[in-house]
Structure formats: structure tokens, C-alpha cells
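The values are calculated or read from the model by the stated rules, or taken from the named source; none is laboratory data. Bear in mind that the values here come from a model prediction, so they are computed numbers and not experimental data. Every residue, glycine as well, gets a Cβ built from its backbone with ideal geometry; the counts of neighbours run over all protein chains shown. In case anyone asks, the SASA skips ligands and DNA or RNA and just uses the protein heavy atoms, side chains included. Shrake-Rupley method; radii C 1.70, N 1.55, O 1.52, S 1.80 Å.
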Amino acid sequence: MAKCLSHPCSSSSSFKSQKRKFISTKRNTTLLISPYSNPRSYLRNQFELKSSNGYPLNAVSVQDGTSSANESKDGAILSSKPEKMEPTISITVVGASGDLAKKKIFPALFALYYENCLPEHFTIFGYARSKMTDEELRNIISRTLTCRIDQRENCGDKMDQFLQRCFYQSGQYGSEEDFLELHNKLIEKEVGRLPNRLFYLSIPPNIFVDVVRCASRRASSTSGWTRVIVEKPFGRDSESSGELTRYLKQYLSEDQIFRIDHYLGKELVENLSVLRFSNLVFAPLWSRDCIRNVQFIFSEDFGTEGRGGYFDNYGIIRDIMQNHLLQILALFAMETPVTLDAEDIRNEKVKVLRSMRTLVLDDVVVGQYKGHTKGAKSYPAYIDDPTVPQGSLTPTFAAAALFIDNARWDGVPFLMKAGKALHTKRAEIRVQFRHVPGNLYKRNFGTDLDKATNELVLRVQPDEAIYLKINNKVPGLGMRLDRSDLNLLYKARYSKEIPDAYERLLLDAMEGERRLFIRSDELDAAWKLFTPVLKELEEKKIAPELYPYGSRGPVGAHYLAAKHNVRWGDLGEDS
């Protein structure tokens with residue numbers, strides 16, 4: 001997590017030259033300004049906050065409340081220093097009565113407050129159709145708040161202080177009048193300060209546009225910045241995703257839209273770039289010359305459990321593979337960006353996505369879990385969920401082989417698999433290296449050379465870890481080889497609790513840091529890969545292969561891997 005100073009979070013170092021500073025207009029349009037062209041701008045930039053990765057914030061409003069009484073037309077300062085209004089931030093959680101808000105967003109906001117990462121002046125509003133009072137919202141929120149393991153002060157006092165900053169506004173999602181009422185309440189809390197506003201849309205995608213229209217017209221900041229965090233799914237295919245983007249851009253600029261994929265905020269995904277670009281040992285290995293295949297594995301040990309109605313509209317490919325796993329793949333495979341600036345990183349990710357072959361049906365396996373009895377306990381099938389339509393063909397499991405047609409990765413299979421109701425909960429990246437040419441010790445491994453393959457594993461969850469599988473000699477007089485792990489287990493190495501992904505992403509959105517959010521052209525490129533095969537699966541009504549609840553998934557996934565001369569790396573691991 002970012003190093004947190006008192007108010008707000010910031011880092012002590014900066015990666016940008018003092019000769020180039022970014023500020024933004026009321027509509028968040030970025031301008032490039034030299035500090036030498038306007039002394040007032042230069043003074044303001046000396047107090048510029050830093051984002052969590054050390055960058056200057058690029059979203060301080062031009063209308064920042066600085067008095068212009070002492071400034072001439074050409075920007076020269078005539079007398080004393082200009083006065084600067086203190087900023088405040090208003091965070092509105094739209095859909096505050098939903099599970100995501102209660103279980104993730106409010107707890108993440110409290111964690112940031114507990115770590116002194118929120119500004120000194122902030123207000124949180126919940127907005128939903130449900131009728132409730134401020135106190136009722138606080139009671140709901142309080143049930144899900146927890147403190148850090150390394151508590152430094154009374155947790156109860158911190159909770160009480162946080163809850164007193166939380167308020168509620170009931171209203172319809174498509175009512176401009178209700179959002180105007182919200183706006184008036186926000187003004188009461190913001191009075192005398194520079195108002196910045198962040199809206200988190202924790203709502204179904206079919207009402208995104210209505211909420212954005214109302215918030216943009218009636219509840220935007222009049223002098224600070226306004227930003228909107230949008231949760232996935234971002235459409236169902238290329239067409240619907242493009243339509244959603246066009247509608248959103250009628251009311252917001254691209255810089256105001258923060259498309260969140262919480263997997264990009266996970267600690268091991270953040271560390272992926274650090275591991276690759278700051279360790280010389282990996283630089284010559286990270287290509288087709290040394291890497292045989294890369295695997296992205298996601299599994300859950302539970303089914304839809306009452307959420308089948310929502311899940312059935314999307315399926316596992318749209319829910320996990322097209323966003324979480326593909327975003328991680330792009331970060332893994334991208335070329336070195338020019339800088340750590342958000343746009344430089346996202347430019348490289350887009351290049352990877354545009355270099356990928358369109359996915360075809362022959363390289364995809366789909367499955368659906370069926371009922372299973374283990375001992376005295378029975379587990380239901382997917383279609384036993386009362387919210388799932390009878391005879392549904394929606395896959396709860398999918399495996400796919402993807403390829404990147406560029407000089408670095410030509411011919412290397414990138415395998416993905418994701419599923420529900422599997423034998424374990426797991427999310428990891430597995431990098432299998434090529435066999436050693438002319439291996440002198442191959443007879444010690446028998447005919448199965450895969451057992452001698454070096455493998456780098458990044459376990460995203462649970463029990464975050466990075467480990468490298470190597471071959472070594474077992475102590476003794478004979479020549480017996482063993483496969484061992486060089487292991488960095490985070491909970492053993494670091495005593496500090498790992499922040500939740502939503503904490504990092506909320507903090508970055510408040511600071512205007514877009515590095516971990518998805519740009520519209522990234523989204524377009526991602527959907528172009530998956531849309532043809534999704535349409536073919538649905539048009540041909542291809543039946544998913546059934547697999548027992550609690551198993552390793554359909555057998556077809558192993559045939560798919562074998563087709564590309566790959567063995568799934570998690571087969572020999574039960575945890």
C-alpha cells in the first residue's frame with residue numbers, strides 16, 4: 001500500500017521532472033504547463049500532492065480557489081502569495097444498499113481512513129432507492145468494518161469518527177431531481193472549501209447511463225473535479241461495450257471515467273511489473289527463447305449460491321476471463337513502458353491486446369458443474385439454483401489457449417482456465433520454462449522431462465507468494481535429484497497486513513492515478529478477442545461438459561492443454 005502521510009496519502013519521491021507539470025480543468029481535461037510560463041502555476045505545483053506510485057497528481061482543478069487579486073493579466077504575481085482554499089472530497093456510493101457496497105466499498109474506505117489516507121476534510125454519502133436514515137446506514141456499515149491487525153489506536157473511536165462522516169440520500173437512479181437534492185446536501189458539507197467529487201457506481205450496468213446523466217447534470221462539482229468509478233461488466237460483447245462507452249462519453253470525458261477491475265489492485269498483480277522490470281535476472285528470460293508456456297488459473301470452491309440469475313446473463317468467460325485474466329496477461333506480456341505514467345503503461349497493454357489472435361472455438365473448452373455427493377454432504381448442480389433458468393447452457397468453467405503474434409511471444413501458448421465449484425480456491429500465474437538443452441541429468445528424471453522444468457509461480461490468492469521451482473541434488477552419497485521451491489511467502493516475510501484491492505483502487509481514483517484502471521481502447525481490444533467465440537457458443541447452443549461439484553473441472557481442459565504440449569501446473573498441488 002502507498003505510504004500514508006497524515007492527510008492525504010502521498011509518497012516521498014517523484015518520478016517526473018519539475019519542468020513538466022500536469023493540471024486539469026473543471027472537466028478534467030489535462031493541460032501541459034511549464035512552471036516558467038506562469039509563476040502562479042509554479043507556486044501551486046510546489047504544493048502538489050503525490051500519488052501512491054510517486055507521481056504528481058494530475059487532477060488538481062484549475063479553479064482551485066486561489067485568489068487572483070494579486071495577479072496581472074500575464075500571470076505575474078504583484079504582491080503577496082495567493083490564498084488557497086482547502087480541498088474537500090465527497091464520495092458518493094451509488095447502490096449503497098447492495099452487497100458490494102456493504103462488503104467491500106465501505107470497509108475499504110474505512111481502512112483508508114484508519115491508515116490516515118483520506119484527506120482531512122471528506123464526506124461519504126450512500127445513495128440508493130431504499131428508504132433509510134443516516135443512522136440506519138451507519139448501523140449497516142458498522143457491521144462490516146474491521147480494523148488492521150497492527151492497531152495503533154482505539155479501533156472503536158476510529159469507527160465512530162468514520163461513521164459520523166457517513167450520510168444517506170434516498171432517490172431514484174434516473175431522477176435528476178433526486179440527484180439535485182443530493183447535490184444540495186453535498187454543498188452543505190463542502191461549504192468554504194474546494195469541492196471534489198467521486199461517484200462509485202455499485203449498481204447493475206443497465207442503469208449506469210441514467211445515473212451518469214443525472215450525476216453529471218445535477219451533482220457535479222462546480223469548481224473542483226468530478227470522477228466516476230464504473231464496475232464491470234462493461235457490456236456483454238464488442239457492440240454493447242462500445243454503445244455503453246459512447247453513452248457515458250455524452251456526459252463525461254474519458255479522464256473522468258475510471259473502469260475498475262479489482263484484480264489489478266491485488267498485491268501480487270501490482271508486484272508483477274516490479275518483479276519483471278527491476279530484477280535483471282528475469283530480463284533475458286522473459287520471452288519465447290526461455291518460456292515454454294504461461295498459465296493464468298482462477299478457481300473458486302463454491303458455486304453461484306443464489307446469485308445464479310445474475311451470473312447466467314454473463315457466464316465465466318465474461319465474468320473472469322475477458323477482464324481479470326486478460327488484464328493480468330497484458331501486464332505480464334507487455335514491453336517495457338517509457339515511464340511508469342498511466343498512459344505509457346496502458347499504451348503497452350493495448351499493443352499486446354492488439355497483437356493477439358482472435359480466439360477460436362477449437363481453442364476453448366466450456367463446462368458446467370453438476371450435483372455431487374461427498375460423504376454425507378450433497379452439493380447442488382448449477383441448474384439446481386432456483387435463480388437459474390432450467391436447461392441453462394451458461395458455462396461455469398472455461399479453459400482457453402491464446403497466442404500473441406509478436407517477436408517476443410510468437411508461438412508461446414498463454415493458457416487460461418477459470419471455474420466455479422472446483423476443488424480449491426486459487427488465483428495464480430504459472431510460468432513454465434523450456435527444458436534444458438542436452439540436459440546431463442535427464443536420466444535422473446526418467447522419461448518425464450516435465451518434472452525437470454523450472455517454473456515461476458505468482459500466487460495472487462490466497463496466501464500470497466512468489467516461488468521458483470528448481471532442481472537440486474538430495475544430500476547423500478548417491479546422485480538423486482529433487483524439485484524444490486525458492487519461496488517468498490508474504491505472510492512469513494512481511495508482518496503488515498496486505499491491503500484489500502479496493503483500498504488501493506479507491507485511493508488511486510481519488511488521486512487521479514489511472515494506471516490500474518481500464519482505458520476505452522483497452523476495453524475495445526479485449527472484447528474483439530472474445531466476442532466471436534462467445535457468439536459462436538451461444539448461436540450453436542454448445543452444451544458445456546459437466547463436471548462434479550468439488551472436482552478439478554472437465555476432462556476437456558486437459559486435452560486442450562495436451563493439444564498445445566502443455567500440462568497444467570496446478571495438477572500436483574492441492575493447496
Evaluation of THR387 against (1) assigned by TED's automatic domain parsing to the domain that holds GLN295; (2) open to solvent by 60 Å² or more (accessible area, probe 1.4 Å); (3) at positive phi (one fails), failing number: (3)
Residue list for the stretch 518-542, restricted to those being at negative phi and open to solvent by 70 Å² or more (accessible area, probe 1.4 Å): LYS528, LYS535, GLU538, GLU539, LYS540
Residue match in the stretch 483-506 (condition: in contact with a Pro (Cβ under 6 Å, 6 or more places away or on another chain) and buried (at least 21 other Cβ atoms within 10 Å of the Cβ)): no
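So that you can scan it fast, the table gives a plain yes or no per residue for (1) in a helix (DSSP H, G or I); (2) at pLDDT 90 or above; (3) within 20 Å of GLU348 (Cβ to Cβ):
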site: ARG246; (1), (2), (3): yes, yes, no
site: TYR251; (1), (2), (3): no, yes, no
site: ARG259; (1), (2), (3): no, yes, yes
site: TYR263; (1), (2), (3): yes, no, yes
site: LEU268; (1), (2), (3): yes, no, yes
site: VAL274; (1), (2), (3): yes, yes, yes
site: ARG288; (1), (2), (3): no, yes, yes
site: ARG292; (1), (2), (3): no, yes, no
site: GLN295; (1), (2), (3): no, yes, no
Residue match in the stretch 182-195 (condition: closer than 30 Å to TYR314 by Cα, in the same structural domain as MET132 (by TED's automatic domain parsing) and of a type in the set (S, T, N, Q)): no
Index of the failed condition, TYR310 passing every other in (1) among the aromatic types (Phe, Trp, Tyr); (2) open to solvent by 40 Å² or more (accessible area, probe 1.4 Å); (3) at pLDDT 90 or above: (3)
Members of the stretch 202-229 found to be in a helix (DSSP H, G or I) and either open to solvent by 20 Å² or more (accessible area, probe 1.4 Å) or among the aliphatic types (A, V, I, L, M) (or both), listed by number: PRO205, ASN206, ILE207, VAL209, ASP210, VAL211, VAL212, ARG213, ALA215, SER216, ARG217, ARG218
Pairs with Cβ under 8 Å, 6+ apart, first in the stretch 273-287 and assigned by TED's automatic domain parsing to the domain that holds GLU348, second open to solvent by 50 Å² or more (accessible area, probe 1.4 Å) and charged (D, E, K, R): TRP286/ARG408; SER287/ARG408
Qualifying positions in the stretch 181-198 - more than 18 Å from ASP134 (Cα to Cα) and among the hydrophobic types (A, V, I, L, M, F, W, C): VAL191, LEU194, LEU198
Scope the stretch 543-566; condition in a loop (DSSP other than H, G, I, E, B), surrounded by 17 or more Cβ atoms within 10 Å (Cβ to Cβ) and out of contact with any His (no Cβ under 8 Å at 6 or more places or on another chain); matching residues: PRO544, GLY553, PRO554, VAL566
Residue identified as within 29 Å of the chain's Cα centre (by Cα), open to solvent by 20 Å² or more (accessible area, probe 1.4 Å) and among the aromatic types (Phe, Trp, Tyr) among PHE167, PHE199, PHE162, PHE179: PHE167
